[in-house]
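Visitor: Please read through the structure below; I'll follow up with questions.
Just so it is clear, none of the values below were taken in a lab; they were calculated from the coordinates. No experiment lies behind these values; they were computed from the predicted model shown. Cβ sites come from the backbone with ideal geometry, for glycine too, and all protein chains shown count toward neighbours.
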Amino acid sequence: MREPPAVHPFSRTMAHAISSAAFDVRDEYAGDARKIWRPANNSRAEVTERLTKFRQIGRHKAEVATYLLAEVFDELDIVTPDGVEQVCPALLTYLGAQ
């Protein structure tokens, strides 16, 4: 009998990353994930650096998340993060930012 496909191709790795992130938010940010980007003095570099400290979040994912916080959710006072055109051009096209 064939098993249904996994929700994620690396489900154990992702489960560890999510639980690790939950513990990090609890321990480093008093359980409030918004403190990852608040207060960050509206610094793209600071927010990106904080995000890269989470397991399984590299520079690319952190840059995309910072862009989304800044442009889509209006959480950061950043017009357009430097280098976002190179990091996630497909996202910019999708969001109509180009």
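Visitor: If you take every residue apart from residue 57 with its C-beta less than 13 Å away from the C-beta of residue 57, what net charge results, scoring Lys and Arg +1 and Asp and Glu -1?
Guide: So the environment of residue 57 carries a net charge of +2.
Visitor: If you count, for each residue, the other Cβ atoms within 10 Å and average over each peptide, how do 53-60, 25-32 line up from highest to lowest?
Guide: 53-60, 25-32
Visitor: Apply the Karplus parameterisation 6.51 cos²θ - 1.76 cosθ + 1.60, with θ equal to phi minus 60°, to every residue of region 62-69 and state each ³J(HN,Hα) to the nearest whole Hz, in sequence, with x for glycine and proline.
Guide: Using θ = phi - 60°, the values come out as 5, 5, 5, 4, 5, 4, 4, 4 Hz.
Visitor: So if we plug the beta-carbon distance of residue 72 and residue 27 into 1/(1 + (r/R0)^6) with R0 = 30 Å, what FRET efficiency do we get, rounded to 0.05?
Guide: Using R0 = 30 Å, I get an efficiency of 0.60.
Visitor: 5 Å is the cut-off here: which amide hydrogens, built 1.01 Å from N in the peptide plane, fall below it relative to residue 56, excluding neighbours closer than 5 in sequence?
Guide: When sequence neighbours closer than 5 places are left aside, there are no close amide H contacts.
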